[in-house]
Amino acid sequence: MNKHQSGFIAIVGRPNVGKSTLINALIGEKIAIMSPKPQTTRNRIMGVYTQPDFQMVFVDTPGMHKGKDLLNKTIDKIAVSSIKDVDMVLFVVDSKKGSAEDHIISYFKSIDIPVFLLINKIDTLKNKSEIDEIIISYLNSYPFEGVIPVSAKDHTYLDKLVEILLPHLPEGPLFFPEEMKSDQSENQLMSELIREKILYHTEQEVPHSVAVVIESLEENEAMNTIDVQALIIVERTTQKQILIGKSGEKIKKIGTEARKEINQILNTKVHLTLWVKVKKDWRNRPEDLRSFGIGEDS
């Protein structure tokens, strides 16, 4: 009988290198929201990839950065703590090494597990020499276990990635049921999908000042739907006005897009109502961060 392997693999890197795109591609369905904005991911998200002989639990972490407010410091703390309880690390980059990468590499020196350098977005590079240049820029910074170029967007070399990680996966049990893909609850996923649409449709400070909380879920038997009430929190009245938009057009568009994706991903039919509330300086209050589900597992 073949031995069964299982383990936890942290996906780390600075904001916007494609960590969430990578975990979604590896798991085969959307479990982490994506946007071009930095700090899209705020909490640790586990994605479970199960095969007959092994189970890889990928841990998507927030982008590591030096934040100023309590929210961003908490996000960075979550990312840093994520590399301490795993069996290996995928350090995702998409360009030559800079100061942000030095900041992240400094944390690797305190752990004694394999760290792989994963060069993402190779679909945007013109030729192999560009990949080689990126590899060379990292060679003297850390003794990486291996270097793996991939394109999470195009799913290029992801099977090779799994193949390379497998020999480093310890013997272990099935940590999660075979059918489980993520540790996120439906409530968490719904609030994140709403926040994703806000990230796409707002600019400047609005995306970073937003939190989304599912206030209630009620089954509507007559309509055969689930009525979902969600609260969007911002820090200033001007942000609330931007979010609602002229004659409520923007909030209506956000709600429509979020509802469609929630219906599709959760295979259900929801009726979504969004409310916007101003809560000044919530990003610097620990009790607010906790009540909005940020950093509670760090």
Query raised in the report: Only one residue in Leu217, Leu189, Leu266, Leu166 is among the hydrophobic types (A, V, I, L, M, F, W, C) and either crowded, with 16+ Cβ neighbours inside 10 Å or on the phi > 0 side of the Ramachandran plot (or both), so which one is that?
Result: Leu189
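One line per residue, one yes/no per condition, for (1) at pLDDT 65 or above; (2) under 21 Å from Phe144 (Cα atoms):
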position	(1), (2)
Ile23	yes, yes
Lys30	yes, no
Thr40	no, no
Met46	yes, no
Val59	yes, yes
Asp85	yes, yes
Query raised in the report: With respect to Glu261, is the statement that it is crowded, with 17+ Cβ neighbours inside 10 Å and closer than 25 Å to Ile27 by Cβ true?
Result: yes
Query - The listed residue being in a strand (DSSP E or B), under 18 Å from Ser191 (Cβ atoms) and not acidic (Asp, Glu), out of Ile232, Ile294, Ile251 - result: Ile232
Query raised in the report: Which of the residues spanning segment 9-26 are among the hydrophobic types (A, V, I, L, M, F, W, C) and over 15 Å from Met88 (Cβ atoms)?
Result: Val17, Ala25
**Report entry** Options Ser137, Ser141, Ser151; residue that is more than 27 Å from Ile31 (Cβ to Cβ), modelled with pLDDT of 90 or more, among the hydroxyl-bearing types (Ser, Thr, Tyr) and in contact with a helix residue (DSSP H, G or I) (Cβ under 8 Å, 6 or more places away or on another chain)
**Finding:** Ser141
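Tell me the residue from Ile254, Ile232 that is β-branched (Val, Ile, Thr), within 22 Å of Arg285 (Cα to Cα) and buried (at least 17 other Cβ atoms within 10 Å of the Cβ), please. Outline the logic, then answer.
Numbers: Ile254 fails: within 22 Å of Arg285 (Cα to Cα).
So the residue among Ile254, Ile232 that is β-branched (Val, Ile, Thr), within 22 Å of Arg285 (Cα to Cα) and buried (at least 17 other Cβ atoms within 10 Å of the Cβ) is Ile232.
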Query - Those residues of segment 253-285 which are over 14 Å from Leu243 (Cβ atoms), in contact with a strand residue (DSSP E or B) (Cβ under 7 Å, 6 or more places away or on another chain) and either not assigned by TED's automatic domain parsing to the domain that holds Asn224 or not hydrophobic (A, V, I, L, M, F, W, C) (or both), in sequence order - result: Arg259, Asn263, Thr268, Lys269, His271, Thr273
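Determine whether segment 180-202 contains at least one residue that is without any contact (Cβ under 8 Å) to a residue 60 or more places away in the chain and charged (D, E, K, R).
Scanning segment 180-202 turns up no residue that is without any contact (Cβ under 8 Å) to a residue 60 or more places away in the chain and charged (D, E, K, R).
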Query raised in the report: Taking the condition modelled with pLDDT under 95, exposed (fewer than 12 other Cβ atoms within 10 Å of the Cβ) and within 23 Å of Thr21 (Cβ to Cβ), does Lys128 pass?
Result: yes
Query raised in the report: What are the pairs, 6+ residues apart or on separate chains, where a residue within segment 136-164 that is assigned by TED's automatic domain parsing to the domain that holds Glu101 and under 27 Å from His103 (Cα atoms) has its Cβ under 9 Å from a residue that is among the acidic types (Asp, Glu) and part of a loop (DSSP other than H, G, I, E, B)?
Result: Ile164/Glu145
**Report entry** Conditions (1) in a strand (DSSP E or B); (2) surrounded by fewer than 19 Cβ atoms within 10 Å (Cβ to Cβ); number of the one not met by Thr238
**Finding:** (1)
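The values are calculated or read from the model by the stated rules, or taken from the named source; none is laboratory data. Here the structure is a predicted model, which means the values were calculated and not measured. With ideal geometry, Cβ positions are generated from the backbone for all residues, glycine too; neighbour counts draw on all protein chains shown.
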